[in-house]
Amino acid sequence: MSDHFLTFPNFDPVLFHIGPLAIRWYALGYIFGLVGGWYYARRLVTNARLWTVQPGTPAQLDDLLVWVTLGVVIGGRLGQVLLYEPAYYFANPWEIPQVWHGGMAFHGGLAGAGLAVILFAWRNKIPILSYLDIASAVAPPGIFLVRIANFINGELWGRVTYDVPWAMYFPTGGPFPRHPSQIYEALTEGVLLFVLLFAMTRFGALRRPGLVAGAFGIGYALARSFCEFFREPDALVFGGPLTIGQAYSIPMVVVGLGLVLYALRRRKPATA
């Protein structure tokens, strides 16, 4: 067993200041993820070869960006408050709106973003499943950036390990080396999932509404559940074998399978 493990780099969670305003890596992860996703979504919509009938226009995606941003921020924060740390935030309610300090639950942000996409598409008479496919295809790069920001913040570190040479001592992780699980999540939930969905869009998956969204739900849930074996869990569900993150991923698998089966069992790709 080696006693030589990595020491966490001395990252400053604040990139720079503009007067009294602190620009944090965590906030930039969300900003660049949303803006990058919007740009990629426009590229998908304008590529006629990917669609039987193109859903909506690039201009509509400009409006959707605002809806999704609000959905991600509100849903992510409420998810953290209600699903992970209700006792803390109910005791310190003034900290609930302070999202710049971190504390965003992915499953809450996903629910908020999904609801925003559904309401926007319904209001504008755009095929809902096609818009969910677009949102799913562009989400992984943003997940990657936020997980890297988690690493820079030195938060959400992994379980104690002495088995891998890249185990790391985190400033708030105690005196034991831990898995850099933020990096594991960035590579699986971000890079690997993006490559899978990118390949699917290039091989006609967008012609079957719901297929990409279903694959995203299943893929993220599996990647997150796998990484939970290395990440220090928030808690175990009723003291059993599942962590909270794994338990919240189960509905994603169920919904994802339903969307995939629906898309594949259609007699032909949608024409409208």
Going through (1) under 16 Å from V191 (Cα atoms); (2) open to solvent by less than 50 Å² (accessible area, probe 1.4 Å) one by one, L145 fails only at (2)
Tell me which residues, restricted to the stretch 243-265, are open to solvent by 70 Å² or more (accessible area, probe 1.4 Å) and over 18 Å from the mean Cα position of the chain (by Cα).
L257, L261, Y262, L264, R265
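Scan the stretch 243-266 residue by residue and report those that are hydroxyl-bearing (S, T, Y) and within 16 Å of S136 (Cα to Cα).
Of the residues in the stretch 243-266, the ones hydroxyl-bearing (S, T, Y) are 243, 248-249, 262.
Listed by number, the list holds a single entry, S249.
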For D12, which of the numbered conditions (1) modelled with pLDDT of 90 or more; (2) surrounded by fewer than 17 Cβ atoms within 10 Å (Cβ to Cβ) fails to hold?
(1)
Flagged pairs (Cβ under 6 angstrom, 6 or more apart or on separate chains; first in the stretch 75-102, surrounded by fewer than 12 Cβ atoms within 10 Å (Cβ to Cβ) and polar (S, T, N, Q); second modelled with pLDDT under 85 and not in a loop (DSSP other than H, G, I, E, B)) are none
Considering only the stretch 39-56, state which residues are over 19 Å from V146 (Cα atoms), modelled with pLDDT of 90 or more and open to solvent by 60 Å² or more (accessible area, probe 1.4 Å).
R42, R43, T46, R49, T52
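Any residue in the stretch 17-25 that is at pLDDT below 90 and assigned to a helix (DSSP H, G or I)?
The first filter runs over the stretch 17-25 and keeps only residues at pLDDT below 90, leaving 17-25.
Going one step further and asking which of them are assigned to a helix (DSSP H, G or I), we end up with 25.
Among the residues of the stretch 17-25, at least one is at pLDDT below 90 and assigned to a helix (DSSP H, G or I), which makes the answer yes.
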Inside the stretch 31-52, can you point out the residues that are touching a residue at least 24 places away in the same chain (Cβ under 8 Å) and part of a loop (DSSP other than H, G, I, E, B)?
W51, T52
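Can E155 be described as in contact with a Ser or Thr (Cβ under 8 Å, 6 or more places away or on another chain) and in contact (Cβ under 8 Å) with a residue 12 or more places away in the chain? Give the derivation first.
Working: in contact with a Ser or Thr (Cβ under 8 Å, 6 or more places away or on another chain): yes; in contact (Cβ under 8 Å) with a residue 12 or more places away in the chain: yes.
Taking the combined requirement at face value, the residue satisfies it.
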M104 fails exactly one of (1) in a loop (DSSP other than H, G, I, E, B); (2) within 21 Å of V253 (Cβ to Cβ), namely (2)
Residue, least open to solvent (accessible area, probe 1.4 Å), within the stretch 106-127, restricted to residues that are over 14 Å from G71 (Cβ atoms) and touching a residue at least 40 places away in the same chain (Cβ under 8 Å):
I126
For residues that are in a loop (DSSP other than H, G, I, E, B) and open to solvent by 20 Å² or more (accessible area, probe 1.4 Å), tally how many sit in the stretch 180-203.
1
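The values are calculated or read from the model by the stated rules, or taken from the named source; none is laboratory data. This is a predicted model, so every value here is computed, not measured. Glycine gets a Cβ as well: all are built from the backbone with ideal geometry, and neighbour counts include every protein chain shown. When the accessible area is computed, the model is the full protein with side chains, heavy atoms only, and any ligands, DNA or RNA have been set aside. Shrake-Rupley method; radii C 1.70, N 1.55, O 1.52, S 1.80 Å.
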